[in-house]
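What follows is a short report on a single structure.
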Amino acid sequence: MFCFMGKVSKIQIANRVIKTVSQKTDRAILFYSCGKDSLALLDLMTPHFKEIVCVFMYFVKDLEHINRYIRWAESKYPNIKVLQVPHWNLTYILRNGTYCVPNPKIKLLKLADIDESIRLQTGVNYSFFGMKKADSLNRRLMLKSYGDTPISETNKVYPLSDWTNKEVLAYVKHKQMPIPVRYSQKASGGVGFNLECYLWLRENYPQDLQKILTAFPMSEKILWDYDNKQKES
């Protein structure tokens, strides 16, 4: 089911990276997106730490189809604590006025800013991420720079660095964890201003779509344009 490197499996390598950190601290931060990578990483991490602070960065808060993954994690792993914070990308959306009134006073943030804020808030010094070399060329170059031990000088940890998407999904299925939402065959990312996501929500979670439209009413144009094209065809 999983690829092997010599006689050592990628699961063993990930556990070795996680254990390296757990020997220094009994608390860790995990950026938990409710996607397959963070689900697999959470399952790997929980035996090693007394407390894991799971950070979920929301696009619009309290979407039910997302909350069910958070509730599942809280129920299954008693040693986790979930913090929900606005996604750093929201600062660009709100400042630029993407489907909303622009607010030039908004301070632009990056993932590193969110990470630093959570560390200050919790007193935890190590942050785990489910990023993989297989995700993109930029991530491959970044993760490759860390060598054999995917831990940065700023205590950012990437245990799934060498995993493939197929291997992560196989792990999730093997552990009988909930399969993450895919808004379409080509859209594997999170909630955002894209047609596939909006169509999926309209069909499956209309109450969540309404929450998004309440926060970003101008984004209804995405569906309006699609519906008009369907009528014309």
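The values are calculated or read from the model by the stated rules, or taken from the named source; none is laboratory data. Please read these numbers as outputs of a predicted model, since none were measured by experiment. Cβ sites come from the backbone with ideal geometry, for glycine too, and all protein chains shown count toward neighbours. Note: areas computed on protein heavy atoms with side chains; ligands, DNA, RNA excluded. Shrake-Rupley method; radii C 1.70, N 1.55, O 1.52, S 1.80 Å.
Working note: Cα atoms of the chain, range along each principal axis, descending, whole Å: 59, 42, 36.
Within the accessible area of the chain, the carbon and sulfur atoms contribute 51%, probe 1.4 Å, all protein chains present. Of the residues Cys54, Cys100, Cys34, which exhibits the maximal mean-square fluctuation in a Gaussian network model of the chain defined by a 10 Å Cα contact cut-off? Comparing Cys54, Cys100, Cys34 in a Gaussian network model of the chain, the most mobile one is Cys100. Rounded to the nearest 20, the size of the Cβ-charge dipole of the chain about its Cα centre is 520 debye, with Lys and Arg at +1 and Asp and Glu at -1.
Among Phe31, Phe128, Phe216, the residue with the largest mean-square fluctuation in a Gaussian network model of the chain, with springs joining Cα atoms closer than 10 Å, is Phe216. Structural size metrics of the stretch 123-185, computed from C-alpha coordinates, are Rg and Dmax of 13.5, 40 Å.
For the residue pairs Lys50/Lys211; Lys19/Lys81; Lys105/Lys132, the alpha carbons lie more than 31 Å apart in Lys50/Lys211; Lys105/Lys132. Within a Cβ distance under 15 Å of Val85, other residues only, what is the Lys/Arg minus Asp/Glu net charge? So the surrounding residues net to +1.
Dividing the summed -39500 (n - 2.57) terms of all DSSP H runs of n ≥ 4 by the residue count of the chain sets its mean residue ellipticity at 222 nm at -13500 deg cm²/dmol. Here the stretch 118-233 is assigned +1 on the Cβ of each Lys and Arg and -1 on the Cβ of each Asp and Glu. Its dipole about the Cα centre then comes out at about 280 debye. Other residues lying with their Cβ under 13 Å from the Cβ of Asp208 contribute a combined charge of +1, Lys and Arg counting +1, Asp and Glu -1.
For the chain, relative contact order (Cα pairs under 8 Å, six or more residues apart, normalised by length) works out to 21 percent. Taking Ala170, Ala28, Ala112 as the candidate residues, the one with maximal mean-square fluctuation in a Gaussian network model of the chain, Cα springs under 10 Å, is Ala112. Rg then Dmax, both in Å and based on the Cα atoms of the stretch 28-92: 11.6, 37. Per residue, the chain exposes an accessible area of 56 Å² to a 1.4 Å probe, with every protein chain left in place. Write down the percent of antiparallel bridges among all DSSP beta bridges whose residues are both part of the chain, to the nearest 5. DSSP beta bridges in the chain are roughly 15 percent antiparallel. For a straight C-alpha distance cut-off of 13 angstrom, no aspartates and glutamates are reachable from Lys24 once same-chain residues fewer than eight places away are disregarded.
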